[in-house]
1. If you roll a 1.4 angstrom probe over the protein chains with everything in place, what fraction of the accessible area of the chain belongs to carbon and sulfur, to the nearest %?
2. Run the reach check for LYS65 against aspartates and glutamates, Cα to Cα strictly under 14 Å, same-chain hits fewer than 8 apart removed. What comes back?
3. Could you give the accessible area per residue of the chain, probe 1.4 Å, as a whole number in Å²?
4. Where does the chain land on the Kirkwood hydrodynamic radius, alpha-carbon pairs, in angstrom?
5. By its C-alpha gyration tensor, with a ≥ b ≥ c as the square roots of the eigenvalues, how is the range 77-190 shaped: rounded for a/c under 1.5, else prolate for a/b larger than b/c, else oblate?
6. Give the separation of the Cα centroids, the range 135-213 to the range 36-64, in Å.
Amino acid sequence: MGHDTGLYSGSPTQSDARKKPTRDRILDGAVAVFGDKSFVEVTMEDIARAAKVTRATVYAYFPGKVEILRALVARVYAVADGVCASLAAREEWSREEVRAWLHEAAAGWREMAPVIRVLAAAGSTAVGDPGGARDRSLAAHERYVALLADPRHWPDTPPAEARQRALMAVLQVESFLSIWIAGGWPLATDDPFDLLTDAICHLLGPALRERPG
């Protein structure tokens, strides 16, 4: 699994944490606190203490807990954006390239696993504005699809089919990695990436340099 160094380099040291921008330190503190308490129980003082800043500093960046959760959602979207951009930027797609990309994607999900668990525990109602959340999700997935459905990768495929295949591939990667890595689903297969690569290559088949058999 040598590809796992792409987006994930292990846990930050205390020195690294102190160098982080204040906003990121607040979000990191929030993830730690939300991992121990429910959304209702957590206070802004708890978050400030975990981030090693004052409560006034937390309020200077975020009016309340809902805005912090939304910022954590944006963090997950940013990682997914980078993951999709990484595959889109590859000159040619092949089974080997897809497998390497999936290792990168898994590294990103490992980085975001604590955030994903916090958001799952908080639930959509805690984030507030369900219509806005739905719109943000649709906009994010539109970006992913636009990246992966670039016509240069699909010269012989109708655009509508390329978009559907790209969306289905994204959703499969998202759901599988979220349940496996963030959710802790136990897998008994020797190499989970083999089956995942097969599934994604099937969806991206018309765009692969070497078409799956």
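1. Values: 6400 of 11410 Å².
Carbon and sulfur together cover 56 percent of it.
2. Partners within reach: ASP28, GLU41, GLU45, ASP46, ASP129.
3. 54
4. Values: mean 1/r = 0.0536 Å⁻¹.
Hydrodynamic radius (Kirkwood, Cα pairs) of the chain is 18.7 Å.
5. Oblate shape, in that a/c is at least 1.5 and b/c is the bigger or equal ratio.
6. Taking the Cα centre of the range 36-64 as reference, the centre of the range 135-213 is 37 Å away.
The values are calculated or read from the model by the stated rules, or taken from the named source; none is laboratory data. As the structure is a prediction and not an experimental result, all values here were calculated from the model. Side chains included, ligands, DNA and RNA excluded: accessible areas come from the protein's heavy atoms. Shrake-Rupley method; radii C 1.70, N 1.55, O 1.52, S 1.80 Å.
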